[in-house]
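Let me begin by presenting the structure, written as structure tokens, before commenting on it.
The values are calculated or read from the model by the stated rules, or taken from the named source; none is laboratory data. Quick caveat: nothing in here was measured; it's all calculated off a predicted structure. Because the Cβ atoms are built from the backbone with ideal geometry, glycine has one as well, and the counts that use them run over all protein chains shown.
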Amino acid sequence: MSQDPSAATLVPLPFPAIGWTKGIAPRFIAMFLLLVYYDRLAIRTLLVGGLVPSSIGVIAGGLLAFFLFFRPLALWSLQTREPMERLAARTFGVTGGALIMRLVLGLALLVWFAVVIREAVDVTSRALVAFGLIDGKYLDPQVVSGITLPGPLFLGVAAIWSVTSAIIGSLAYKLVAAVMAGYQPFVALSLTALAAWAIGTSPQFVPLGYDPVTAVTPVNPAIFSILQAIQWICAYFAIAAALGADWGMASRDRRDIRDGGATGIAIAAPVLAIIAFLFVAGTLGRNDLTSATAGPLSAHLGYQQALLGESQSTSMERDRLAALASGVDAFSVRNLILHELPGFYAGLILLIFSVGFLGPACFSPYLAGRLISGCWPHRPRWTWTLAVAFATWPLLILNVVADLGAILDLLGGIVAPILGTMVASRIKAGGTPETPRPGLDLPVLSACLMGTLVGVSPVVGPPLGLSIATQLPLAVICAYLTSFILVWILPRKTSTAQASG
């Protein structure tokens, strides 16, 4: 497998296999150390239900990500000593497996690469603002013909980042991986230092009791927080699980998968999230907040008081609109660092976080190009890597990947059914893996598609007028289970038989 510890996706290693302390665990820990994981996680969890429910949610999410998404396929890869693409062929047929692994996951990686570039440029820019090297107004979006677009400085830097990362990923990803292997501890130390700085005032934090994104009050804020945390972690981890299961064939035995996965996923995911929660709770519990944070927080607290009947305002609707207008960006980890820490320290920590994106920024286009090139093998692979970089430009220009929560829900809703389908196929096959067959297995592909419709419904449903889709809890888990159950109930001869392609 790749030696890149921070990549969200992994590729096979030549034998001999390496142990979990040098393989699975540090690679997945590094993935959860990316700022993109915990930056906005607290907004719809901690701010709604408080620290305890949110912590329960991330613990449950880490366990589900390990036991449902990673462990079964990693064990299958260990058993057969085959990569995920070969296992997909056993599940969907040779043509179907190639379609799923090369095209669907390749396109998912393209979107993920756009997310990484956007986040890296944004965090780097905020670091420069904290150092006083650029004016924050250059980060403001622009409205052109009624469409909100990023500023020209942002787009220019993003274009350079995307192309440069793709070139480095093609030529020197192993060198980047070696550098990142020694760099990730600095990210962990920075996050821990933030929590230590704010932990003293965390008991003063009071959750809002409603969703600050929609201003809707859930029936049970604690349960809402738990479900949102599980959804976030599982959706975030889905692509890594789909391609990271290749670690099974590169492991020595089942203990490597158990210990490495438990440490790198089931423990790392909740621990790093809780550390971020402590920073956010402690910062929002302070009495000396700057206006950049105090203003939005005051607006949301005003609506909270109105809901409790303690507001002096004569209009609850006005308080609700004021809370919505203030937004939630001020409560992200990056903005709390930028506005509440002294300038030099804020810039330094943001810069450390931004460099942490270097690994996935270089490796994601390389792997996406590698997957997509399998569909058209006669073209040089580096051309596809560059094509992936150029393909991110429309996504960045049109702000398609600006709503990270929706993007994670969409990617998780697409990838989770693939995992559920393959796990069900593996269990039905028992100890004798099915031989890959030519063509497409249409019943199995249909089961996967049904799960996909369930998984993406909260994102694509509302624009189609299906507002009830937004009420589906744990869409990524429901998508996984839908495909799993449909494959499970298929007659055995149908679920593994060849269908003409």
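Structure data summary
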item	result
Options Ala262, Ala266: the member that is among the aliphatic types (A, V, I, L, M), at pLDDT 95 or above and either in a loop (DSSP other than H, G, I, E, B) or touching a Leu at 6+ places or on another chain (Cβ under 6 Å) (or both)	Ala266
Where Gln228 falls short, out of the listed (1) in a helix (DSSP H, G or I); (2) among the polar types (S, T, N, Q); (3) modelled with pLDDT under 95	(3)
Qualifying residue in region 425-436 (condition: in contact with a Lys or Arg (Cβ under 8 Å, 6 or more places away or on another chain), of a type in the set (Ser, Thr, Tyr) and either surrounded by 16 or more Cβ atoms within 10 Å (Cβ to Cβ) or on the phi > 0 side of the Ramachandran plot (or both))	yes
Index of the failed condition, Gly169 passing every other in (1) at pLDDT 90 or above; (2) within 29 Å of Phe69 (Cα to Cα)	(1)
Candidate set: region 143-181, residues that are of a type in the set (Ser, Thr, Tyr) and not in a loop (DSSP other than H, G, I, E, B); chosen: the one surrounded by the fewest Cβ atoms within 10 Å (Cβ to Cβ)	Thr148
Sole residue being of a type outside the set (A, V, I, L, M) and within 30 Å of Gly156 (Cα to Cα), chosen from Gly439, Gly412, Gly430, Gly420	Gly412
Members of region 392-408 that are in contact with a Ser or Thr (Cβ under 9 Å, 6 or more places away or on another chain), part of a helix (DSSP H, G or I) and closer than 20 Å to Ile239 by Cα	Thr392
Per-region count, region 24-41, residues in contact with a Gly (Cβ under 9 Å, 6 or more places away or on another chain), part of a loop (DSSP other than H, G, I, E, B) and more than 14 Å from Ile352 (Cα to Cα)	1
Members of region 233-256 found to be in contact with a helix residue (DSSP H, G or I) (Cβ under 7 Å, 6 or more places away or on another chain) and over 25 Å from Arg102 (Cα atoms), listed by number	Arg254, Asp256
Any chance Phe131 is farther than 19 Å from Ile414 by Cα and modelled with pLDDT of 90 or more	yes
Residue in region 301-311 that is modelled with pLDDT under 95, outside any helix (DSSP H, G or I), within 30 Å of Ala166 (Cβ to Cβ) and of a type in the set (Gly, Ala, Ser) present	no
Count of region 48-100 residues which are assigned to a loop (DSSP other than H, G, I, E, B), more than 21 Å from Val415 (Cβ to Cβ) and modelled with pLDDT under 95	1
Among (1) under 18 Å from Phe154 (Cα atoms); (2) surrounded by 21 or more Cβ atoms within 10 Å (Cβ to Cβ); (3) among the small types (Gly, Ala, Ser) - the single one Ala402 does not satisfy	(2)
One residue from Gly282, Gly295 being assigned to a helix (DSSP H, G or I) and crowded, with 21+ Cβ neighbours inside 10 Å	Gly282
Any hit, region 327-336, residues being under 16 Å from the mean Cα position of the chain (by Cα), within 21 Å of Leu34 (Cα to Cα), at pLDDT 90 or above and assigned to a helix (DSSP H, G or I)	yes
Candidate set from region 374-389 (those that are touching a residue at least 24 places away in the same chain (Cβ under 8 Å) and assigned to a loop (DSSP other than H, G, I, E, B)); member that is surrounded by the most Cβ atoms within 10 Å (Cβ to Cβ)	Gly374
Pick from region 305-326, criterion of a type in the set (S, T, N, Q) and over 30 Å from the mean Cα position of the chain (by Cα), ranking: nearest to Val187 (Cα to Cα)	Gln305
Search result, residues across region 112-142 that are aliphatic (A, V, I, L, M), touching a Gly at 6+ places or on another chain (Cβ under 9 Å) and not in a helix (DSSP H, G or I)	Leu133
Hey, Ala361 crowded, with 24+ Cβ neighbours inside 10 Å, within 19 Å of the chain's Cα centre (by Cα), of a type in the set (A, V, I, L, M) and within 28 Å of Ala181 (Cα to Cα) or not	yes
Number of positions in region 409-462 that are in a helix (DSSP H, G or I) and within 18 Å of Glu82 (Cα to Cα)	10
